Amino acid sequence: MTYRTTTEYGTWCNRVNAYSSSPDADVLDYINGGDSDWQTRLAESGALELIQDEYRQAINDALPNSVSLSGDLFIGPADRDEGEFADYPTDEYGSLDFKVIVEDIDLAPIVERNEPLTLEEIGRWEMKSTAKHPAKVASMAMSRAKLKPHVYLPHPDSKRPQAIYLKGAVLEALAKRPGKGARTDRETA
């Protein structure tokens, strides 16, 4: 096995965003425009951490294989192989241009996929139920789909445990319902 010496390529602050200390801070800045109850639910449900982790993973996926983001530091080989970064943008000094590399990563779908939803919200918004009690409709649909809640949080009014689901998992489960997706039992003409 060959080991390579690594070095720091710079921080998030000096290579990507001069006004931010880390990608985690960028996520917080992104969600800060949202309703305070929504922000609280993101934090309490663990969805905020999932968003931050997924954003970091997207950043690492965009980087060359030998480079990674660790905390707020970009780390990579001290002596790189010739052409190792040939397919990646560089700045005027020939160094990796981290800002350009990560600029196309869109936080919106990451946040949306990890948005915590109540059964009421699933019934009303995602299922577009006009039933008197859309939470019951959603509860039956989640049960049939065998989708377990991500977490239980106290209901803001009653303080009773309230099931919280992640939007991405809900949409996936709803798409798999019979009659809601593409038919797979017939051949196409």
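The values are calculated or read from the model by the stated rules, or taken from the named source; none is laboratory data. Remember, it's a predicted structure, so these values are computed and weren't measured experimentally. Heads up, the Cβs are rebuilt from the backbone with ideal geometry, glycines too, and the neighbour counts pull from every protein chain shown. The protein model used for the area step is the full one, side chains on, heavy atoms only, and it has no ligands, DNA or RNA in it. Shrake-Rupley method; radii C 1.70, N 1.55, O 1.52, S 1.80 Å.
Okay, here's what the table says:
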| read-out | value |
| --- | --- |
| Among (1) hydrophobic (A, V, I, L, M, F, W, C); (2) open to solvent by less than 30 Å² (accessible area, probe 1.4 Å); (3) within 30 Å of residue 164 (Cβ to Cβ) - the single one residue 105 does not satisfy | (2) |
| Total residues in the range 20-45, condition under 13 Å from residue 72 (Cβ atoms) and open to solvent by 90 Å² or more (accessible area, probe 1.4 Å) | 0 |
| Positions within the range 74-102 being in a strand (DSSP E or B) and surrounded by 15 or more Cβ atoms within 10 Å (Cβ to Cβ), in sequence order | 74, 75, 76, 77, 96 |
| Search result, residues across the range 131-147 that are open to solvent by 40 Å² or more (accessible area, probe 1.4 Å), in a helix (DSSP H, G or I) and of a type outside the set (Gly, Ala, Ser) | 136, 137, 140, 144 |
| Residue within the range 46-69 that is part of a strand (DSSP E or B) and loosely packed, with under 14 Cβ neighbours inside 10 Å present | no |
| Residues that are free of Cβ contacts under 8 Å to residues at least 24 places away in the same chain and part of a loop (DSSP other than H, G, I, E, B), drawn from the range 18-35 | 18, 19, 20, 32, 33, 34, 35 |
| Close pairs (7 angstrom Cβ cut-off, 6 or more residues apart or separate chains): more than 18 Å from residue 156 (Cα to Cα) in the range 36-56, open to solvent by 30 Å² or more (accessible area, probe 1.4 Å) and in a helix (DSSP H, G or I) anywhere | 52/24 |
